[in-house]
1. If B:V60 satisfies every condition in (1) open to solvent by 80 Å² or more (accessible area, probe 1.4 Å); (2) of a type in the set (A, V, I, L, M); (3) within 15 Å of DNA strand C (Cβ to nearest atom) but one, which is the exception?
2. Among the candidates B:E173, B:E140, B:E164, B:E159, single out the residue that is part of a helix (DSSP H, G or I) and surrounded by fewer than 18 Cβ atoms within 10 Å (Cβ to Cβ).
3. Can you name every residue in region B:55-84 that is farther than 13 Å from B:E140 by Cβ and more than 12 Å from DNA strand D (Cβ to nearest atom)?
4. In region A:68-96, which residues are open to solvent by 30 Å² or more (accessible area, probe 1.4 Å), within 15 Å of A:A41 (Cα to Cα) and away from DNA strand C (no atom under 16 Å from the Cβ)?
5. Looking at region B:34-54, which of its residues are within 12 Å of DNA strand D (Cβ to nearest atom) and charged (D, E, K, R)?
6. B:R114: closer than 30 Å to A:R135 by Cβ and modelled with pLDDT of 95 or more, yes or no?
7. Of A:R94, A:R25, A:R32, A:R3, which residue is at pLDDT 95 or above and not polar (S, T, N, Q)?
8. Which is without any contact (Cβ under 8 Å) to a residue 60 or more places away in the chain and within 16 Å of B:L91 (Cα to Cα), of B:R135, B:R111?
There are 2 protein chains.
Amino acid sequence: MDRGSWNGDSMTADARPAAPALTERQEARRRRILHASAQLASRGGFEAVQMREVAEAAGVALGTLYRYFPSKIHLLVATMQDQLQHLHTTLRKRPPAGDDAAQRVAETLMRAFRALQREPHLADAMVRALTFADRSVSPEVDTVSRLTTAIILDAMGLEHPSPEQLSAVRVIEHTWHSALITWLSGRASIAQVKIDIETVCRLIDLTAEPGTGAARELDRG
Amino acid sequence: MDRGSWNGDSMTADARPAAPALTERQEARRRRILHASAQLASRGGFEAVQMREVAEAAGVALGTLYRYFPSKIHLLVATMQDQLQHLHTTLRKRPPAGDDAAQRVAETLMRAFRALQREPHLADAMVRALTFADRSVSPEVDTVSRLTTAIILDAMGLEHPSPEQLSAVRVIEHTWHSALITWLSGRASIAQVKIDIETVCRLIDLTAEPGTGAARELDRG
DNA sequence: CGCTAATCTAGAACAAGTTTCAGACTTGCT
DNA sequence: AGCAAGTCTGAAACTTGTTCTAGATTAGCG
């Protein structure tokens, strides 16, 4: 029911209640399932990921699929974890080059956005699942959230963010998810998404430590 | 499998897709349906709104329910329109009293938030439907979005917002929806939502016309 | 090796959203 | 009033997520 492969360098949390140590064949099954999920999602988005089809494409019985992922939402959120991890390592290889934190974050997010653009159906499936998830998926959604936070903090170049900065990062994440959704459902253009990302990234300057950012003197509340 | 048979127009500004002039009994049916929907949602959230139950509670055949609302998502988004309209008129009666625009918007949103807190299940159903909606519901979701925008602009006291300000408002809406979801799924506390709302509202000052706001001299965009 | 518990498989069964259809009822029009 | 077109009803059917069951396989262990 949960990620197993934690290759070291996670930041603070251990959290991970119990990855019950999968055997090799089990790990392979899990991987086949995730692959099938992503593949089907790439074709036709959320609705195209049908549990029976995933099971068949992964060469696994339906019951087994449900043993590994207790619901379609769990499956798709896990798929998103997977993809995000890829993205994170990709981004680490070529970090953004902007002058200040806000620019780097905006650039990072737009890069991620362009990656998703290449597989809009996959993006659709993952993001819809993510925002539709209810309490039973909270731990998994939280993992995705932490991953996203890590990516953004990376782009900012921050180790020890202040509470204010964390709030700004959360707001950026909110905007990112929600803007993605409006784009995916055809209610906003890419240009609009770009503008909104840049707009929200301005918050970063607002919460920069005194002396390090563009906005040093705002009448603080 | 597709509900493309809508009266022509869609994303043009005009809205209101030609409501074909319902008779009185039809209007009454529609109202009964929306009422049943809200009632069931208040009890048990998204999953408790079951189409057969809505139909029965509204005293209407299942087929009729589907004639009025072509899917469960359509129904819940319409329910949200309804509730938002109430909220809007309520808010107009007692407008927020803050000193600057950012404060008034934050206060308005927190007031709305507290209203939703009183019916968390209803909020759950409506917001989940809203963010899960796919393209086929775009016109209706757009209506909700315009309503929300109107509420925020009201709080700001703006008639003719600049493009920058519209972007800020969109970002606020994104944050509002997404923060609501994280709260509903138990991944954020109310305090955190409040902080994030206040954080994002700072963008309003950033985009205020020169001379009218707190932030007159930021190195432009 | 042989045993036991856990896991996996195939397939049926169930639940809720959605579609369909035949027949009854309304509405609008003349 | 009388009729044609559109609407509503009740019930069954279909789809896809989810659960359950009985039997086959596999893993761990003495």
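1. Failing condition for B:V60: (1).
2. Values: B:E173 fails: surrounded by fewer than 18 Cβ atoms within 10 Å (Cβ to Cβ); B:E140 fails: surrounded by fewer than 18 Cβ atoms within 10 Å (Cβ to Cβ); B:E159 fails: part of a helix (DSSP H, G or I).
Only one candidate passes the filter, namely B:E164.
3. Narrowing region B:55-84 to residues farther than 13 Å from B:E140 by Cβ: B:55-67, B:83.
Residues satisfying the conditions are B:A57, B:Q83.
4. Answer for region A:68-96, where residues must be open to solvent by 30 Å² or more (accessible area, probe 1.4 Å), within 15 Å of A:A41 (Cα to Cα) and away from DNA strand C (no atom under 16 Å from the Cβ): just A:Q83.
5. Matches in region B:34-54: B:E47, B:R52.
6. Working: closer than 30 Å to A:R135 by Cβ: yes; modelled with pLDDT of 95 or more: no.
In short, no.
7. Numbers: A:R94 fails: at pLDDT 95 or above; A:R25 fails: at pLDDT 95 or above; A:R3 fails: at pLDDT 95 or above.
When all the criteria are applied, what remains is A:R32.
8. Details: B:R135 fails: within 16 Å of B:L91 (Cα to Cα).
Result: B:R111 is the single residue among B:R135, B:R111 that is without any contact (Cβ under 8 Å) to a residue 60 or more places away in the chain and within 16 Å of B:L91 (Cα to Cα).
The values are calculated or read from the model by the stated rules, or taken from the named source; none is laboratory data. Because the structure is predicted, anything quoted here is derived from the model rather than measured. Cβ coordinates were reconstructed from backbone atoms using ideal geometry, including for glycine residues, and neighbour counts include every protein chain displayed. All accessible areas refer to the heavy atoms of the entire protein, side chains included, with ligands and DNA or RNA removed. Shrake-Rupley method; radii C 1.70, N 1.55, O 1.52, S 1.80 Å.
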